[in-house]
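The values are calculated or read from the model by the stated rules, or taken from the named source; none is laboratory data. Keep in mind that what you see is a predicted model, and the values were worked out from it rather than measured. Cβ placement follows ideal geometry from the backbone for every residue including glycine, while neighbour counts extend to all protein chains displayed. Remember, those area values only see protein heavy atoms, side chains included, never the ligands or the DNA or RNA. Shrake-Rupley method; radii C 1.70, N 1.55, O 1.52, S 1.80 Å.
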Amino acid sequence: MSAAASAGLFSRYGRRKLVNYVFVTLASMATAVAIAALVMILASLIMKGFGGINAEIFRADTPGGGGDLGTGGLRNAIVGSVMLCAMGMVIAVVIGILAGTWLAEYGDGNRLAGFVRFLNDVLLSAPSILIGLFGYELVVLPMHGGSALAGAIALAILTTPVVTRTTEDILRLQSNQLREAGMALGAGKGLVIRAIIWRASRTGLVTGGLLGFARMSGESAPLVFTNAGNQFFSWNVLGATASLPMTIFYFALSADENWQRLAWVAALLISVAVLSANIIGRALARGSQHK
Amino acid sequence: MAEAAIAPAGETAPQVKDLRGISRAGRNDAIFHALCLSAAMLLMATLAGLLISLIIGGWPALSHFGLKFFFSSAWDPVADDYGAAGPIVGTLITAFLSMLFALPLAIGIAVFLVEFCPKSIERWVAMAVELLAGIPSIVYGMWGLFVLGPWFNDHVILPLRLAAEPGSFLEKFLGNASSGSNIFTASVILAIMVLPFIATVFRELLLSVPTYVREAAYGMGCTPFEVVSNIMLPYIRKSAIGAVMLGLGRALGETMAVTFIIGNSHAFPTSIFDSGSTIASTIANEFAEATTDMHVSALVALGLVLFAITFTTLAVARLLLGKEKA
Amino acid sequence: MFRKFAYAFGAAAVVAGVVGIAKADNFTGAGATFPAPVYSAWAQAYHGATGNELNYQAIGSGGGIRQIKAKTVDFGASDKPLQPAELNAAGLLQFPTVIGGIVPIVNIPGVTAGKLRLSGPVLGDLFLGKIRRWDDAAIARLNPGVKLPSLPVTVVHRADGSGTSFIFTSYLSAVNRDWAARVGANDSVNWPTGLGGKGNDGVAAFVKQTSGSIGYVEYIYARKDNVAWTYVENKAHQYPNPDPVSFAAAAANAPWGRAPGNYVLLIDEPGAKAWPISGATFLLMYKNPGNAQKAAEVLKFVDWSYKNGDAAAGKLDYVPLPLSVKNMIRKQWLQITAGGKPVYVSK
């Protein structure tokens, strides 16, 4: 192409430049849209969430309807959510790490392992409402009622695939030299895994746990059938307890202004927990990469 | 494993051979292996249990209504007549629309981050996208219900409604549109939810294109647009489609965000501004309160249909993506 | 170090769990949203007085019936009374707790609470979708002097199985022949048109955010959520205010004591002051409960609320039952037995 032909807007080169310019603009606008959406959502969350916080939030339990604006708190919901997450995390982490270890360490060349990996992904992407349905059939019906235990089991079913996945990925990253060194010292395979490989992937395993925690605390659909809620404060794991997501589910869909205020505060609390877990997890992952 | 006379302290120091001739260390290893295996089997059993409970629960409805179940849009608890067409159509339409909105935006964001973004703000933009992915779904539902829905109702639905002459095309287009809680706004919320996920995957895929390919294209004088559209996107085409299917799978299964803003109407939607329902929102709303056994079975059958749809999507995605990305 | 922390945490968790499980004088119920505000107030007061907790899930009458039949709660609550045949087949006892009224609510620019008047037939036509705009002649005729905009009508009904729906559709079936023929009365019907809200709360929320909408809720929801209610013409062609006086007037002729299974409807009752869409709300319990102690706890709670809860009910605009009816119900509780003896005898 000679220099003369590249002059002018409607020359071939000019057209290509124009198309490129339009494209760059569109791509930038797309990013701007995403950032704008983020800003709008966070702004609503922060304004309505922080705006609704008062001294009562951590001291009082969820109020009945028709209360004056500013009454009531979320104490029972917060404690319930903490209980659910703690129990669910224990189950999910134990089973997830063991299963992930099996896939990574004992699963090579094993067709069963490929099958299990695939099923793990299916469970990972299963709609959470169906897991709640399963939890209802499995735990609530035999126990004649919803309970925090049932909710924790449903949440654990939801989270275990995440932990399994990240555990397998992390363990596979460890160099085989570590394993060979351990075995050369006379350790059996189990001890090599427990004493050496797990210890070396500590950070990654914690990251997996945090990501699982982030997924668990943001989910509410499994709780609808397993642990619907409780007006009062309760430590009883064999009975239903309040929880932040279910509180939001009831309060947000009502027309009671005090309840809507509390729903925004609960949403803010959940978001803070989830986002902190995400940020800490990614920071840990990045930190361990730099080592 | 041979017993060494000089051995490191701890479990592998063989003390006493038990009667079966297996050292304690070996036994511990076997126990550990069994533990790991049983954890993996437990996972499989859970999935199997899920599938079986769906089939058992949904069988009465499916056998009673037969194929009609998928095409009828009746939902009459009085007459115990149920048809899944409304929720199925709602699920498919919201997922499809949300992908329609999200995909161009996601590709745009990924391309922006990889090609055009100034290095100084790249970390922040990437973090913003990750933050968007981290917001819990129920918060999206609330934002849709309290912010997007009313705005949409006041600024779009209501003016259109008031302006529509009876019998005009506009009125037919609007269908039964009446509030900000409708299929369109639900799709918008879903799109915002799925967007960061697809954008992140696309960004990683674009970053996996070898540098020499890109440099060769630039060296030939291609504009960035041409590099992206003619070289990079075709390079990752197969994995990209897989990523799209994964995003679709997430959009299909989302419950909470949609339940808040879809309007909960079982009628077959006549316009995208109609209220509708998805399979997930129907189950969430009605399961605890379904009074007859056939009603419960119909809901579980809906769950089975949803499971089948998401499973198929995931399987196709896996095939396209290969083992690494999913 | 981490191990010590883990052990301490585990021990604390076990202790908390055991303490929590031991405190087992709590009992559960589920069902109607119609009386949920007053049950919540009673539960709060009862907890203060005795320390026992009621965990009540307001999931709609349909849910209450389903859960008591599935034995996942200690009592079910429903505004739709079950027929005696169904009660006997399931082995359930049914008794009322309070009486309330249902009001239509609207969201029309310029129309505030208590400004609009509707008649039964017009209400039915609105919910059938036959009246499509608010300035329709049928509505204007009943409301001379009220400026009605030409806004399309949006119907909001219940998405869940609801006793409130049962009472409301029973009323529509009684006063609008077209409704009776095409739709009928039940807690979950094939609504010809409209959006579905979850619970009384959900309907109020939808109406509040949708211009030109009409829904129906128990009166306290209209009052506490600041949504505009309308007058409804009663059988005597009067327009009484929705308040405990008119709800009680509707219940004045109720045949308590003569109705098998306490099946009583308060729809379109005669009387100049009677509110046409009133109803009682019921509790359902097993005559031979699996857990006698929990059943006794439930009856203790209801007995306490009968004795001490009238003021709270009145404040929320419900009508407490007359003393004679309460005493009749207390005698019916003797039918709830375990091992041949009644689980609870009221003193």
Förster-model FRET efficiency, 56 Å R0, A:Phe233 and B:Val213, C-beta, rounded to 0.05: 0.35
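How large is the dipole of the protein assembly as shown about the Cα centre if only Lys and Arg carry +1 and Asp and Glu carry -1, each at its Cβ, rounded to the nearest 20 debye?
The calculated dipole for the protein assembly as shown is roughly 1380 debye.
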Area projected by the alpha carbon convex hull of chain B, averaged over all directions, nm²: 28.3
In a Gaussian network model of chain A with springs linking alpha carbons closer than 10 Å, the residue among A:Leu141, A:Leu98, A:Leu158 that fluctuates most is A:Leu141
Once amide H atoms are built 1.01 Å from N in the peptide plane, which residues 5 or more positions from C:Gln57, or in another chain, come under 5 Å H to H? C:Gly29, C:Ala30, C:Gly31
For B:Thr270, list long-range residues whose amide hydrogen, built 1.01 Å from N in the peptide plane, is under 5 Å from its own amide hydrogen. B:Asn176
Buried solvent-accessible surface, both chains (C, A), 1.4 Å probe, Å² to nearest 100: 2100
Volume per residue of the C-alpha convex hull in the protein assembly as shown, rounded to whole Å³: 204
At 1.4 Å probe size, what's the solvent-accessible area of C:Trp42? Round to the nearest 10 Å². 10
Can you work out ³J(HN,Hα) from phi for every residue in segment B:62-68, in order, using Karplus 6.51 cos²θ - 1.76 cosθ + 1.60 and θ = phi - 60°, giving whole Hz and x for Gly and Pro? 5, 6, 6, 8, x, 5, 4
Which of B:Gly247, C:Leu142, A:Tyr13, positive extreme of dipole for the protein assembly as shown (C-beta unit charges): A:Tyr13
Ellipticity estimate at 222 nm from DSSP helix runs (n ≥ 4, -39,500 (n - 2.57)) divided over chain C, nearest 500: -12500 deg cm²/dmol
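So, with +1 on the Cβ of K and R and -1 on the Cβ of D and E, and no other charges, what is the size of the charge dipole of segment B:66-321 about its Cα centre, to the nearest 20 debye?
820
Hey, if we sort B:Phe260, B:Phe71 by accessible area with the 1.4 Å probe, largest down, what's the order?
Numbers: B:Phe260 5, B:Phe71 160 Å².
Reading off the accessible areas and sorting them downward yields B:Phe71, B:Phe260.
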Note, segment C:129-136: 3J(HN,Hα) by Karplus (6.51, -1.76, 1.60, θ = phi - 60°), whole Hz, Gly/Pro = x, goes x, 7, 9, 10, 9, 6, 8, 4
Where does the charge balance sit around B:Arg214 when Lys and Arg score +1, Asp and Glu -1, over other residues with C-beta under 12 Å from its C-beta? -3
Accessible area in square angstrom per residue, segment C:101-252, 1.4 angstrom probe: 32
For C:Phe95, residues with placed amide H under 5 Å, excluding near neighbours: C:Leu283
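Can you pull the percent of Cα pairs in segment C:268-334 with separation above 20 Å?
It works out to 42 percent of all Cα pairs.
Would you mind classifying chain C by shape? Square roots of the alpha carbon gyration tensor eigenvalues, ordered a ≥ b ≥ c; an a/c under 1.5 is rounded, otherwise it is prolate if a/b is larger than b/c and oblate if not.
Cα axes put chain C in the prolate bin.
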Taking a straight Cα-to-Cα line shorter than 14 Å from C:Lys347, and setting aside same-chain aspartates and glutamates fewer than 8 residues away, one finds C:Asp303
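Within a Cβ distance under 9 Å of B:Ser137, other residues only, what is the Lys/Arg minus Asp/Glu net charge?
-2
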In chain B, lysine pairs 8 or more places apart or on different chains with C-alpha atoms under 30 Å apart total 5
Rounded to the nearest 100 Å², what is the sum over both chains of accessible area buried where C meets B, with a probe of 1.4 Å? 2100
Convex hull volume per residue for segment C:159-199, taking Cα atoms only, in Å³: 56
Could you check the simple spin-label distance between C:Ala89 and C:Asn327, using points 7 Å along Cα→Cβ, in nm with one decimal? 3.7
For segment A:75-290, what is the per residue volume of the convex hull drawn over the alpha-carbon atoms, in cubic angstrom? 130
With x for Gly and Pro, the residue-by-residue ³J(HN,Hα) of segment A:37-53, computed from phi through the Karplus equation 6.51 cos²θ - 1.76 cosθ + 1.60 at θ = phi - 60° and given in whole Hz, is 4, 4, 4, 4, 5, 4, 4, 4, 4, 5, 5, 6, x, 5, x, x, 6
Give me the percent of Cα-Cα pairs in segment C:101-252 that sit more than 27 Å apart, rounded to a whole number. 13
Percent of Cα pairs exceeding the 16 Å cut-off, where the set is segment A:173-241: 66
Looking at A:Ser81, A:Trp259, A:Gly281, which one has the Cα that reaches farthest to the positive end of the dipole of segment A:75-290 (charges on Cβ: Lys, Arg +1; Asp, Glu -1)? A:Gly281
Anchor A:Lys189: aspartates and glutamates whose Cα lies under 20 Å away (excluding residues fewer than 8 positions away in-chain): A:Glu105, A:Asp108, A:Glu168, A:Asp169, A:Glu180, B:Glu3, B:Glu11, B:Asp18, B:Asp29
May I ask which residue of C:Tyr344, A:Thr226, B:Val201 lies farthest towards the positive end of the charge dipole of the protein assembly as shown, with charges of +1 (Lys, Arg) and -1 (Asp, Glu) on Cβ and the Cα centre as origin? B:Val201
Threshold 30 Å², probe 1.4 Å: give the residues of segment C:53-101, in number order, that are less accessible with all protein chains present than with their chain alone. C:Glu53, C:Asn55, C:Gln57, C:Ile59, C:Arg66, C:Lys71, C:Thr72
Just the Cα atoms of segment B:93-191: what Rg and Dmax do they give in Å? 17.5, 56
Angle between chain C longest axis and helix C:323-332 axis [Cα atoms, degrees, rounded to 10]: 50
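At 1.4 Å probe size, with the rest of the protein present, what percent of the exposed accessible area of the protein assembly as shown is carbon and sulfur atoms?
Of all accessible area on the protein assembly as shown, carbon and sulfur atoms account for 64 percent.
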Can you pull the three principal axis extents for the Cα set of segment B:168-282, in Å, largest first? 56, 34, 19
